[in-house]
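Below: one structure, written as structure tokens.
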Amino acid sequence: MRATGADMRILVVRNDKIGDFMLAWPSFAMLKQSCDCHITALVPSYTAPLAQLCSWIDEVIIDPGKNASKEQQTLLLTQIKGQFDAAITLFSTGRIGWLLWRAKIPYRLAPATKLAQFFYNHRLIQRRSHSEKPEYQYNLDLIRLFLADHQLNIVEPEAPYLVFPRELLSQVRLDTAQALAISPASSWVMVHCGSGGSANNLSVAQYAELVVCLYKYHPERYFLLTAGPGEEEKTNELAELLRNMDVPVTVYVSRDGLVRFAQVLANAELFIAGSTGPLHMASALDVPTVGFFPQRRSATPLRWRPLNSEGRHLAFSPPEGEFSEQNMGLLNMSQCAEAIRLWWCGWMH
């Protein structure tokens with residue numbers, strides 16, 4: 001296998017949720033910037049639009065998932081077999097390990113965890129559940145090993161990882177403002193109360209209290225409540241609570257796909273959410289983010305730290321303790337709002 005060259009073909013697998021996939025973007029950046037190669041990403045259909053946005057990914061293959069038919073699984077094997085010099089699986093499962101082994105990819109690298117590791121001929125010991133570093137750094141460690149194995153110099157990536165043309169974002173801002181009947185000239189603070197369910201989140205009442213406090217500090221800012229598919233009910237409940245407390249808010253529901261949603265998020269002055277996909281989308285854009293995380297060992301603020309550049313992310317979580325670490329109700333929203341105000345004042349315009 002060639003160590004360098006544009007004909008070196010590498011398959012990178014990160015086929016789970018949106019947030020997990022966004023935390024792989026530094027890996028794509030490091031690999032492409034360190035190695036003149038062709039990168040193909042294996043992703044599920046729902047993250048494919050984001051993968052197609054990534055400037056370091058040359059091609060996208062859709063993983064039909066573990067519940068796909070035998071015919072679909074065979075087609076996936078046909079798409080991969082004999083096409084790649086190397087495969088790097090950032091988070092491995094037995095199904096994917098077996099797929100890559102059957103595809104006879106010469107160099108196969110994955111974390112040395114679970115039984116799936118035996119399908120790979122290169123492994124890296126990782127204990128991600130110990131949460132000793134951010135998830136994106138665990139991903140980068142695999143890329144570093146691949147580059148070291150091929151005696152390639154490592155180029156460390158930098159934020160932002162997702163950038164849209166300024167003219168495009170201006171037009172998206174105008175279109176969004178017109179559709180929602182709000183001012184495009186105001187500064188938009190976006191609050192996303194929905195969650196994929198993989199981590200504990202604040203209650204609707206807590207989000208309402210937080211927004212009320214922030215609105216008192218900054219009544220000149222406009223608060224936009226964002227929602228993805230299936231999150232409308234919770235978001236509308238929050239909107240009603242806030243309007244009853246005389247806080248003017250508007251709900252923006254993402255109905256035009258992830259790419260358009262990302263372009264809307266890029267227009268935020270500040271993005272507030274739990275540990276969920278939109279938080280990681282906003283951070284890839286380097287929009288300043290505030291995140292609320294549990295303290296469970298595998299879901300700490302350190303483990304799921306977003307991709308913001310230094311100083312542009314603020315994290316909150318309950319106090320450590322056997323019975324408190326996942327109890328988001330222990331967070332005092334007025335104290336959080338004050339901390340956000342002090343941090344926000346350092347860079348807002």
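The values are calculated or read from the model by the stated rules, or taken from the named source; none is laboratory data. Just so it is clear, the model here is predicted, and its values are computed rather than measured. As a convention, Cβ positions derive from the backbone with ideal geometry for all residues, glycine included, and neighbour counts pool all protein chains shown. Only protein heavy atoms, including side chains, enter the accessible area calculation; ligands, DNA and RNA are left aside. Shrake-Rupley method; radii C 1.70, N 1.55, O 1.52, S 1.80 Å.
Mind telling me which of the residues ALA87, ALA116 ends up being modelled with pLDDT under 95, crowded, with 19+ Cβ neighbours inside 10 Å and either assigned to a strand (DSSP E or B) or over 23 Å from the mean Cα position of the chain (by Cα) (or both)?
Step by step, each of ALA87, ALA116 is checked, and only ALA116 is modelled with pLDDT under 95, crowded, with 19+ Cβ neighbours inside 10 Å and either assigned to a strand (DSSP E or B) or over 23 Å from the mean Cα position of the chain (by Cα) (or both).
Only one of these is more than 30 Å from LEU279 (Cβ to Cβ) and in contact (Cβ under 8 Å) with a residue 40 or more places away in the chain: GLN72, GLN83, GLN79. Name it.
Going through GLN72, GLN83, GLN79 in turn, the sole match is GLN83.
Can you say whether GLN326 is in contact with an Asp or Glu (Cβ under 9 Å, 6 or more places away or on another chain) and surrounded by fewer than 23 Cβ atoms within 10 Å (Cβ to Cβ), as far as the supplied structure shows?
Answer is no for this residue.
With the requirement that a residue be modelled with pLDDT under 90 and either buried (at least 21 other Cβ atoms within 10 Å of the Cβ) or closer than 21 Å to GLN73 by Cα (or both), what does region 103-113 give you?
None; the set is empty.
If I go through region 246-272 residue by residue, how many of them are of a type outside the set (Ser, Thr, Tyr), within 21 Å of SER45 (Cβ to Cβ) and assigned to a loop (DSSP other than H, G, I, E, B)?
2
In region 160-187, which residue that is touching a Lys or Arg at 6+ places or on another chain (Cβ under 8 Å) and touching a residue at least 40 places away in the same chain (Cβ under 8 Å) is surrounded by the most Cβ atoms within 10 Å (Cβ to Cβ)?
The qualifying residue surrounded by the most Cβ atoms within 10 Å (Cβ to Cβ) is VAL172.
Go through (1) out of contact with any helix residue (DSSP H, G or I) (no Cβ under 9 Å at 6 or more places or on another chain); (2) more than 17 Å from LEU145 (Cβ to Cβ); (3) of a type outside the set (Val, Ile, Thr); (4) modelled with pLDDT of 95 or more for ASP36 and report which single condition fails.
(4)
For region 12-31, what are the residues that are open to solvent by 10 Å² or more (accessible area, probe 1.4 Å) and either touching a Cys at 6+ places or on another chain (Cβ under 9 Å) or among the aliphatic types (A, V, I, L, M) (or both)?
ILE18
Can you run down the residue pairs with Cβ atoms below 8 Å, 6 or more apart or on separate chains, where the first is in region 115-136 and free of Cβ contacts under 8 Å to residues at least 40 places away in the same chain and of a type outside the set (A, V, I, L, M) and the partner is open to solvent by 70 Å² or more (accessible area, probe 1.4 Å) and outside any loop (DSSP other than H, G, I, E, B)?
GLN117/ARG123; PHE119/TRP98; PHE119/TRP101; TYR120/TRP101; HIS122/ASP149
Collect the residues in region 37-52 that are in a loop (DSSP other than H, G, I, E, B) and farther than 15 Å from ILE143 by Cβ, keeping them in residue-number order.
PRO44, SER45, TYR46, THR47
List the number of the failed condition for THR235; all other conditions in (1) closer than 17 Å to LEU279 by Cα; (2) open to solvent by 10 Å² or more (accessible area, probe 1.4 Å) hold.
Every condition holds for THR235 apart from (2).
Among the residues of region 214-236, is any under 18 Å from SER187 (Cα atoms), without any contact (Cβ under 8 Å) to a residue 24 or more places away in the chain and part of a helix (DSSP H, G or I)?
Checked region 214-236: at least one residue is under 18 Å from SER187 (Cα atoms), without any contact (Cβ under 8 Å) to a residue 24 or more places away in the chain and part of a helix (DSSP H, G or I).
Condition first: open to solvent by 10 Å² or more (accessible area, probe 1.4 Å) and under 24 Å from the mean Cα position of the chain (by Cα). Now tell me which residues in region 93-102 satisfy that.
Within region 93-102, THR93, GLY94, ARG95 qualify.
One line per residue, one yes/no per condition, for (1) closer than 20 Å to LEU279 by Cβ; (2) modelled with pLDDT under 95; (3) hydrophobic (A, V, I, L, M, F, W, C):
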position: TRP188; (1), (2), (3): yes, no, yes
position: SER195; (1), (2), (3): yes, yes, no
position: ASN200; (1), (2), (3): yes, yes, no
position: ALA208; (1), (2), (3): yes, no, yes
position: VAL211; (1), (2), (3): yes, no, yes
position: LYS216; (1), (2), (3): no, no, no
position: PHE223; (1), (2), (3): yes, no, yes
position: GLY228; (1), (2), (3): yes, yes, no
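Sort out which residues of region 40-50 are in contact with an Asp or Glu (Cβ under 9 Å, 6 or more places away or on another chain) and either open to solvent by less than 10 Å² (accessible area, probe 1.4 Å) or of a type outside the set (S, T, N, Q) (or both), and write them in order of number.
THR40, ALA41, LEU42, VAL43, PRO44, THR47
Within region 30-39, is even one residue touching a residue at least 40 places away in the same chain (Cβ under 8 Å), in contact with an Asp or Glu (Cβ under 8 Å, 6 or more places away or on another chain) and within 22 Å of PHE164 (Cβ to Cβ)?
Checked region 30-39: at least one residue is touching a residue at least 40 places away in the same chain (Cβ under 8 Å), in contact with an Asp or Glu (Cβ under 8 Å, 6 or more places away or on another chain) and within 22 Å of PHE164 (Cβ to Cβ).
Based on what the data block shows, is GLN79 more than 26 Å from GLY196 (Cβ to Cβ), surrounded by fewer than 17 Cβ atoms within 10 Å (Cβ to Cβ) and modelled with pLDDT of 95 or more?
Answer is yes for this residue.
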